[in-house]
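These notes concern the structure reproduced below.
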Amino acid sequence: MSATGLGASVKRKEDIRFITGKGRYVDDINRPGQAYAYFLRSPHAHATISSIDVAEAAASPGVVAVFTGQDVAADKVGGLICGWTIHSKDGSPMKAGGHPILAQGKVRYVGDHVAVVIADTLAQARDASEKIVVEYGVLPAVADPAKTVGAIAIHDAAPDNTAFNWHLGDKAATDAAFAGAAHVTKVDLVNNRLIPNPMEPRAAVGDYDSGTDSITLYTTSQNPHVARLVLSAFIGLAPEHKFRVIAPDVGGGFGSKIFIYAEETVCAWAARKIDRPVKWTSDRTEAFLSDAHGRDHVTHAELALDASGKVLGLRAHTIANMGAYLSTFASSIPTYLYATLLSGQYNIPAIYAEVDAVYTTTSPVDAYRGAGRPEAAFVIERLMELGARETGRDPAEFRRQNFVTVFPHQTPVIMAYDAGNFAGALDKALEHADYKGVAARKAASAAKGKLRGIGFSAFIEACGIAPSAAVGSLGAGVGLWESAEVRVNPIGTVEILTGSHSHGQGHETTFAQLVSDRLGISIDNVAIVHCATDKVQMGMGTYGSRSGAVGMSAISKALDKIEAKARKVAGHVLEAAESDIEFKDGKFTVKGTDKAIDFASVALQAYVAHKFNGQELEPGLKESAFWDPTNFTFPAGVHICEVEIDPDTGVTTVERYTAVDDFGKLINPMIVHGQVHGGIAQGIGQAMLEGARYDDDGQLVTASYMDYCMPRADNLPSFQVDTIETPCPSNPLGIKGCGEAGAIASPPAVINAITDALGHEDIAVPATPAAVWRAARKRGLRQAAE
Amino acid sequence: MVQVAMTVNGKAVSANVDSRTLLVQFLRENLRLTGTHVGCDTSQCGACVVHLDGKAIKSCTMLALACDGQQVTTIEGLAQGGKLHPMQQAFQDNHGLQCGYCTPGMIMTAIDLVSRKGNDLDETTIRHELEGNICRCTGYHNIVKSIAQGAREMAVQPQAAE
């Protein structure tokens, strides 16, 4: 392994600009003559709009234009779309309500877009927005996903507020398994609604060039090409060849910047209408209201066991809150990214899942780090923990007893696990977590009046999203391959154009490590180009832990072609048969001789084209590739959380947190560990701190950092993170993806630890001090600890 | 419009601004020093932390006018003569950043922390002192390590006074 090759913890190249304040985020971009957009948002969760009077606002100082839904309709601007069609049990397609970029006659959540004011300054736009007079007819709000039945219809297209009733698995076989069970474990779970909160709020600058009739949109996107595709082909702003989308440095996404939103769309559309650049930057409260939220499931689940502790079957019924509209990939999250993972790491013969996806008068819900898979892990890992406790089994050994051990393994819910070593991760995790010492630590805590608990989570996820034909057969509107282009310059430096997008993942370093490894050149001589649709031809972006497994596989495939061509050039230069050329450590040599030429010199020879016939071998050294995966990848691992509770106050501290993950081959262990740390923090946040709350009127009462508890440094411990390595067989690099694992694994580990400490008293998430205190009192543990 | 003048990163600057202009807006919009970020509306995330007369403040909660005649240091003013400040270097060495958005505020807070609490910082102190800086990417694990290293290095590499 070289110092900068695959497997090396190379310090990140991109850090230099970020630590010196030279990053270039969308809000750092200003275009000459730009105007500023401010959105007037609905203060009501659900209301008809009978009139909007913009006259006074339009006449206010500095105001360039005020647009409403009428202007959008007059220009025939299409609505926002949901790109994954789910079919209900009865075969009918999901009922997608219209999603205009500015409200047309009705608003459906607090924060819904009513009008946009565009002015010379942001302050002028904001001031003028207060002069818009809107007549609302307020309707009842429906915020609770368990209370949509019989409530007032939010969309005419879905009179029962249900987008789809979907199912997966074999109901009859599963019912039969339960009929023969010696023990059935049952649980009711709420998977709390989360608000993603990347630290950079969304932003957009729309820029129209009337000379070429083309639009440039600078936007905070995880997938600029998908944004262009949707804005062009479905919303109809401009054809793709006259539409450029640039997502420069992006300050975190966690899923929330995948989607095509109203604000960015309006900036691009309005820039042409007023023939001036239009800029919008979300403030934090707007982000809370209008970024797509995550999770929000209400689930009843059951696990059937035989007398020996073997799992016979699992069934689950879930109500998934979709919010007021179906966001870009919303329908796929509680279906194919959720129920397909309900087998966990276990050999479960029969599984049946039903999902009712309902509309509520709340912000749209879509993918948030993990996206469906944390919800699945929460169901299966809570059930496994409870199953072990109810039958008096050790939770670690109960899991081990049911692990899948033979690969490939076909689950009853679509997924075919290709490789894994679940017991290997468990063993290592038990050792790191000093499981043998837990009884002594519990006793030590009890001696000082505290309650200590330990919780397990043996998670699996499906990443490397995804084989195009497979997802197409399940309703996806796009293919999920990735593209790459390798441009070798005449002096041997390399530019990699990738359809993946980095917004914190460190691609400029890890992708360069792959090139360095393959071509034997310094990572300093590699540039990664990843953010603009006019540079990179097409790509599918970054989400679902896919950029390593899919994006780098595309680069690897293109590098294969580069190497093959460079061998031919080297053969001509060295006057040897191509079959005699060997390539190692950046040098081409003729087998059995001392004749050699380095990679940079071959690059130059490819471009000067003096040593070969340009009709037989094309000059130049540039290759591209599309990589379409043959399977999902299956990162898996075991996380163990240990908490201590003060029963007098409910204050819970995470005392130890151990993660042992199998991500296959690692490109850069330092970056992998960093991804795991961040994911664990978000998962601990979900389990103990974070939760979006709506009141009965549909007002989001957690719309600032004063009300929504983001994890702070002193809420978290340092984490013990390690890996095992079972290479992924379905891609050339053997990598599985690590971006979401921490957020998937950790919530059940934490809740299992807290409920262990609380003597198995169930607790709702987030397990705040107040909730823990109440649970401890209910169980009488306050007295017991004393 | 009113005249405001101050010293930013050692350079005298002045401008006519709307009296409601915040320091962070003055830095970002007037001076084009875009390393200082805005991450919230409630003075809690800390992405906007700069030093005012050598002390950390949240520039989103300070009027530019209130800084008239004072010394401001931003993330862009830390590296001297092409050499990174030890706290900047520590963040790279320890993978203390991912998306980079909170990073300038984290580094400015960390330097202030060292000036108040010294060069030998334990984990509990660092975590407690970061209450006003939110990071969504790193889980703070490597930020804590970065600050501990940066603090130690600051003892051996003397810094220019702000």
Where nothing but the Cβ of Lys and Arg (+1) and of Asp and Glu (-1) is charged, how large is the charge dipole of the protein assembly as shown around its Cα centre, in debye to the nearest 20? 700
Loop-located trypsin sites (Lys or Arg not before Pro) in the range A:475-559 whose Cβ has at most 14 other Cβ within 10 Å (DSSP): A:Lys535
Rounded to the nearest 0.05, what FRET efficiency do A:Asn347 and A:Tyr607 have when you use their Cβ-Cβ distance and R0 = 56 Å? 0.50
Can you give the FRET efficiency to the nearest 0.05 for A:Ala73 and A:Ala469, using r as the Cβ-Cβ distance and R₀ = 45 Å? 0.75
For the range A:291-390, run through the GluC sites (Glu not before Pro) and keep only the ones in DSSP coil with at most 13 other Cβ atoms within 10 Å of their Cβ. none
Euclidean distance of C-alpha centroids, the range A:263-310 and the range A:316-359, integer Å: 17
Can you classify the range A:481-627 as rounded, prolate or oblate using the Cα gyration tensor, where a ≥ b ≥ c are the square roots of its eigenvalues, rounded means a/c under 1.5, and otherwise it's prolate if a/b beats b/c and oblate if not? prolate
For a test of the definition: using alpha carbon positions, the gyration tensor, and the 1.5 limit on a/c, classify the range A:345-392 as rounded, prolate or oblate. prolate
Can you give the Kirkwood hydrodynamic radius of the range A:628-727 from its Cα pairs, in Å with one decimal? 16.1
If I take R0 = 30 Å and measure r between the Cβ atoms of A:Thr121 and A:Asp275 in this structure, what FRET efficiency does the formula 1/(1 + (r/R0)^6) give, to the nearest 0.05? 0.95
Is the C-alpha gyration tensor of the range A:689-786 telling us rounded, prolate or oblate? Criteria: a/c under 1.5 is rounded; beyond that, a/b larger than b/c is prolate, otherwise oblate. oblate
Give the residue from A:Ser60, A:Ala182, A:Ala143 lying farthest towards the positive end of the charge dipole for the range A:57-208; charges sit on Cβ (+1 for Lys and Arg, -1 for Asp and Glu) and the dipole is referred to the Cα centre. A:Ala182
Taking N as the number of residues in the range A:394-502, what is its Cα Rg relative to 2.2 N^0.38 Å? 1.75
Ratio of the Cα radius of gyration of the range A:102-192 to 2.2 N^0.38 Å, where N counts its residues: 1.87
With +1 on each Lys and Arg Cβ and -1 on each Asp and Glu Cβ, and nothing else charged, work out how big the dipole of the range A:596-683 is about its Cα centre, in Debye to the nearest 20. 540
Largest first and in whole Å, what are the equivalent-ellipsoid semi-axes of the range B:2-76 based on the Cα gyration tensor, each being the root of 5 times an eigenvalue? 17, 14, 11
Cα gyration tensor of the range A:585-686 - equivalent ellipsoid semi-axes, whole Å, descending: 55, 16, 13
So what is the calculated 222 nm ellipticity per residue for chain A, using -39500 (n - 2.57) for each DSSP H run with n of 4 or more, over all residues, to the nearest 500 deg cm²/dmol? -7500 deg cm²/dmol
Alpha carbon centroid spacing (whole Å) that separates the range B:82-100 from the range A:458-516: 27
Rg to Rh, two decimals, where chain A supplies the alpha carbon set and Rh follows Kirkwood: 0.99
Once the principal axes of the Cα atoms of chain B are found, what is the range along each, listed largest first in whole angstroms? 46, 32, 25
Using the Cα centre of the range A:396-453 as origin and beta-carbon charges of +1 (Lys, Arg) and -1 (Asp, Glu), tell me which of A:Pro408, A:Ala440, A:Phe422 is placed farthest towards the positive end of the dipole. A:Ala440
Charges only on Cβ, +1 for Lys and Arg, -1 for Asp and Glu: so what's the dipole of the range B:2-76 about the Cα centre, in debye to the nearest 20? 80
Of the options B:Ala66, B:Thr34, B:Ala56, report the single residue whose Cα projects farthest towards the positive end of the charge dipole of the range B:5-115 (beta-carbon charges: Lys, Arg +1; Asp, Glu -1). B:Thr34
Helix-only mean residue ellipticity at 222 nm, chain B, DSSP H runs n ≥ 4 weighted -39,500 (n - 2.57), per residue, nearest 500. What is it? -8500 deg cm²/dmol
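Since every read-out is calculated from the coordinates, none of them should be taken as a lab result. Every value quoted in this text rests on a predicted model; they were computed, and no experiment measured them. Using ideal geometry, Cβ is built from the backbone for each residue, glycine included, and neighbour counts are taken over all protein chains shown.
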